Amino acid sequence: MKQELTLTDTAAQNIMQAKESLYDRYGGMLLGYIYNIVKNNAVAEQYLVELFAKLKPAEITELYKPGCNTFCKLQLMARKTLSEFFGKRGATTADGSKPVVNVFTSLMNAEQQQIFCGIYYQGKTTAVLAAELGKPEAKVRQILKESFNLIRRKPL
């Protein structure tokens, strides 16, 4: 019978040190990235804490592999954590409050928001999103293009 592997105290301590090191190196940049999305410092800090609290030993090990772009992987994890922020209208943030409306997504209708956020924040492909929505890929691309056009036309 195969024995299940468990973390020893030393390994657990190394994982905690590795997590702390990741936080020290990338926490500030990730906080800025998250803040640019949620536009609320307290909510951004909460999402950052949630992201690092959820990091599993396997994910931490993956982040330390040679050739890994650690910040990009952490940014992708943050996008997944934030995906609820850009969920359906009426969704709540991690603290249970209503999400702050993003300046750009507020320009879009519900369908454009769903497609834009699905692709940009949740990292889905147009093929996956088209299948989920029951729409042709060409239609999803067209709606995404409309979303970007709205963003481009927004005066700063």
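If you filter the range 120-156 down to residues that are in contact (Cβ under 8 Å) with a residue 40 or more places away in the chain and more than 21 Å from the chain's Cα centre (by Cα), you find that the one that is surrounded by the fewest Cβ atoms within 10 Å (Cβ to Cβ) is K154. Picking from residues in the range 107-119 that are without any contact (Cβ under 8 Å) to a residue 24 or more places away in the chain and under 20 Å from the mean Cα position of the chain (by Cα), the one that is surrounded by the fewest Cβ atoms within 10 Å (Cβ to Cβ) is A110.
Just so you know, in the range 12-40 the residues that are farther than 17 Å from K54 by Cα and not aliphatic (A, V, I, L, M) include one that is farthest from the chain's Cα centre (by Cα), and it is R25.
Read-outs throughout are calculated quantities, based only on the coordinates presented, and are distinct from any laboratory measurement. Owing to the predicted nature of the structure, the values given are computational and were not obtained by experimental measurement. When we count neighbours, we look across all protein chains shown, and the Cβ atoms used for this are built from the backbone with ideal geometry, even at glycine.
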